[in-house]
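Visitor: There's a structure below that I have some questions on.
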Amino acid sequence: MKSIYILGLLLFSLNSLGQKSKLTDEQLNSSGANKLIFIDNINQADSLAKIDINKGIPFLLLQSGISPVGYTTDSRFEEKYKVYYFESGCTGPNEMFASEYNGVIFEYLTNKFGKKWMREIRKDVIGYKIFVEK
């Protein structure tokens, strides 16, 4: 009986501690970040960002070209600030729409965490330089 209890406790520990939150395919496919390529005005980009924030799955849009670029600090940033980097490769949404979407996410991060997130974010996030200059 004691060994069953210990085994159960061990299995529970392995399943509950230290796991990183992963997005499901459904969350990713229904996200505003994924729908940006289909919109035709800036107000829709703003709306999609707010919907993603309300769903608890805000994204920061990146566009690096043919091969995506990832850094070891990306997952730490995502975990700490509960926001996900979204790499669109060389074909992504209109840059103006992506910048607007990210601007809403930047405001959300500032309201929730102050400015400390700005020291840790990737500097190649679309619209980040414009946001900092404001």
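Visitor: Which residue is surrounded by the most Cβ atoms within 10 Å (Cβ to Cβ), if the candidates are limited to segment 69-107 and must be under 23 Å from Asn41 (Cα atoms) and under 12 Å from the mean Cα position of the chain (by Cα)?
Guide: Tyr101
Visitor: Which pairs do you get when a residue that is in contact (Cβ under 8 Å) with a residue 60 or more places away in the chain, found in segment 71-87, comes within reach of a residue that is of a type outside the set (Lys, Arg) and assigned to a helix (DSSP H, G or I), reach meaning Cβ atoms under 6 angstrom, with the pair 6+ apart or on two chains?
Guide: If the second residue must be of a type outside the set (Lys, Arg) and assigned to a helix (DSSP H, G or I), the pairs left are Tyr84/Glu78.
Visitor: If you don't mind, there's one more thing I want to ask. Could you look through segment 109-124, keep only residues that are of a type outside the set (Val, Ile, Thr) and in contact with a Phe, Trp or Tyr (Cβ under 9 Å, 6 or more places away or on another chain), and pick out the one that is surrounded by the most Cβ atoms within 10 Å (Cβ to Cβ)? Explain how you work it out, then say what you get.
Guide: So in segment 109-124, the residues of a type outside the set (Val, Ile, Thr) come out as 109, 111-120, 122-124.
Cutting the leftovers down to in contact with a Phe, Trp or Tyr (Cβ under 9 Å, 6 or more places away or on another chain) gives us 109, 112-113, 117-118, 120, 122.
Values: Leu109: 21, Lys112: 12, Phe113: 15, Trp117: 17, Met118: 15, Glu120: 12, Arg122: 16.
So, considering only residues that are of a type outside the set (Val, Ile, Thr) and in contact with a Phe, Trp or Tyr (Cβ under 9 Å, 6 or more places away or on another chain), the one surrounded by the most Cβ atoms within 10 Å (Cβ to Cβ) is Leu109.
Visitor: Just need a number here: residues in segment 89-131 that are in a loop (DSSP other than H, G, I, E, B), closer than 22 Å to Ser31 by Cα and of a type in the set (Gly, Ala, Ser). Break it down stepwise before answering.
Guide: The initial filter retains those residues of segment 89-131 that are in a loop (DSSP other than H, G, I, E, B), namely 89-94, 114-115, 120-127.
From the residues that got through so far, the ones that are closer than 22 Å to Ser31 by Cα too are 89-94, 121-122, 124-127.
Applying the additional criterion that residues be of a type in the set (Gly, Ala, Ser) yields 89, 92, 127.
Residues meeting the conditions: 3.
Readers should treat all values here as calculations from the given coordinates under stated rules, not as data from a laboratory. These numbers come from a predicted model, not from an experiment. Here Cβ is always computed from backbone atoms with ideal geometry, including for glycine, and neighbour counts include all displayed protein chains.
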